[in-house]
Structures are given as C-alpha cells and as structure tokens.
Amino acid sequence: MLPRLEYIKQARIRLGLTQRRLAMLAGISTSMINQIESGRCKPSYDTAKRIFEVLNSLEDRSSPKIVDICSREIISVAVDDSLHDAIELMRKHSFSQLPVFANTKPIGMISEEGIVKYMMVKNGTANADSDDYSNAITTSVGTKPSSSKTEYMGRRRKGGSSSRDGNNLYKCRVGEIMEPAPPIVDASTPAKAIIPLIRFSKCVLVSEKGNVVGIVTVADMFKLLE
C-alpha cells in the first residue's frame, strides 16, 4: 500500500525539491506533479509508486545514519571487574547500563535493573527494599545519581549494617550477573531504523568495518529531534 498522495508535496518541500526536479527524477512531466499536488489529478499506481520510490530514496540519503548520532567514547567494563567498580562507573557518568568487553569484543551488558535484582536476592528482599536499592544506584540518563534517603555504600538498613552489602559488591564480578551483549548495527544504518530496537534494548553498539566504534542509548536518539 502506498502513502497518501498528500505526502508527495510534504516530502518534496521537506527535501528542498522543486516540482521540476522531482518530475525529472520520477520520469514524468512537471505539470503532472503540479496536478497531483493540487488534487486535480489522480496518478496511476505505477506513476505514484515511482514518485514515492524517488522520495524514499532521497530521504534515506539525507537522513542521519546511526554513526552520526552515536557516542564515540565507549565506557565499558570487563568480566573480572568488581560489581562495586561497575556501579561507581555508572554513577560517575550517569549511565543506566554499561557494555562488557573482552579486549575489543562485546560479550555482555550490565544494567542497573540487573544490579538491583542481584542486591535484592543477596539480601533476601523480594519486594520491600526494591525502591531503596533503586535509589542507591539510579543513574537515569539526564539525571544525577540520587542522594536522597540514603547514600550508596555507607547507609544502615533496618536490622543491620551496610557492610555486608559492600562486601558482596566487592566480591561479585561483573561476569556473574551480566546480561547478553547489546545488538550491533552497521554504521551506515539509518538512525530512525533502530527506533523499534532501542525500545527493547537498553543500548545498541555501532560497528564499522568489523570494529565497534560507538554506542547509542535513548539519550542519543533524542538528537533526531534537534
């Protein structure tokens, strides 16, 4: 099914094309384009298809690629890094997730959600303390780490000290709780094409000539709105 004919004029103006230029690219007359846009003529299916193919092709060329909006500096952790160090890195950069690398190869990911689950299991808290732990490591994009209620790695909880939590965090290795590696997309992929992917994946890695060169998070996707 083709888009509505009204889209032709909207797309043409957005791309900065004249009616004459669009007509030439689609192999039809300028007067035909004029009549279609004014609603005085309804083109055949094949003619409309050619026009939309031209517009779509030009939009793909002009739209930003994923490599244009990705962050080139990839902050990552290794399998043998302690969970404590990973949390500190997430807090420092206000990240909610970090990729896990083995040399130059991505092998996993660690997220604040996964860390919260680990901390709750270790301390036998299924639900009651979930908010407290979330506050301890929350590093949502665009916000500073929370300092309300309690401070990370120095607070006392009901019924005991936080020292046990601290020891667990130092002893636990990233590799023990890491999740599957983020998806990897080619640098030439149109940025808008990964919108559905970024909804379900916490981040996406960008590769160029076989090497990972960047990372994209939800915050990076906001650049498309600028």
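Give the number of residues within segment 80-101 that are exposed (fewer than 15 other Cβ atoms within 10 Å of the Cβ) and in a loop (DSSP other than H, G, I, E, B).
Looking only at that region, the number is 1.
On the given criteria, is GLY124 more than 25 Å from the chain's Cα centre (by Cα), in a loop (DSSP other than H, G, I, E, B), exposed (fewer than 12 other Cβ atoms within 10 Å of the Cβ) and at pLDDT 50 or above?
Numbers: more than 25 Å from the chain's Cα centre (by Cα): yes; in a loop (DSSP other than H, G, I, E, B): yes; exposed (fewer than 12 other Cβ atoms within 10 Å of the Cβ): yes; at pLDDT 50 or above: yes.
Yes; evaluated as a whole, the condition is true for this residue.
Within segment 185-226, which residues are part of a strand (DSSP E or B), exposed (fewer than 13 other Cβ atoms within 10 Å of the Cβ) and among the β-branched types (Val, Ile, Thr)?
Across segment 185-226, there are no qualifying residues.
Are there any pairs with C-beta distances below 6 angstrom linking a residue in segment 38-54 that is of a type in the set (A, V, I, L, M) to a residue that is assigned to a loop (DSSP other than H, G, I, E, B), with the two at least 6 apart or on different chains, and if so which?
Going by the 6 Å Cβ cut-off, the qualifying pairs are ALA48/LEU2.
ILE75 - would you say it is of a type in the set (A, V, I, L, M, F, W, C) and under 23 Å from PHE222 (Cβ atoms)?
Working: of a type in the set (A, V, I, L, M, F, W, C): yes; under 23 Å from PHE222 (Cβ atoms): yes.
In short, yes.
Could you tell me whether segment 39-46 includes any residue that is out of contact with any strand residue (DSSP E or B) (no Cβ under 6 Å at 6 or more places or on another chain), assigned to a helix (DSSP H, G or I) and under 30 Å from SER188 (Cα atoms)?
Yes, segment 39-46 has at least one match.
Is it the case that segment 50-69 has a residue that's buried (at least 16 other Cβ atoms within 10 Å of the Cβ), outside the structural domain of LYS192 (by TED's automatic domain parsing), acidic (Asp, Glu) and assigned to a helix (DSSP H, G or I)?
no
Matching residues to (1) assigned by TED's automatic domain parsing to the domain that holds LEU58; (2) over 14 Å from ASN56 (Cβ atoms); (3) at pLDDT 90 or above; (4) surrounded by fewer than 16 Cβ atoms within 10 Å (Cβ to Cβ):
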| site | (1), (2), (3), (4) |
| --- | --- |
| LEU15 | yes, no, no, yes |
| GLN19 | yes, yes, yes, no |
| ALA23 | yes, yes, yes, no |
| ALA26 | yes, no, yes, no |
| SER31 | yes, yes, yes, yes |
| ASN34 | yes, yes, yes, yes |
| GLU37 | yes, yes, yes, no |
| ARG40 | yes, yes, yes, yes |
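The values are calculated or read from the model by the stated rules, or taken from the named source; none is laboratory data. Remember, it's a predicted structure, so these values are computed and weren't measured experimentally. Please note: Cβ atoms are built from the backbone with ideal geometry, for glycine as well, and neighbour counts cover all protein chains shown.
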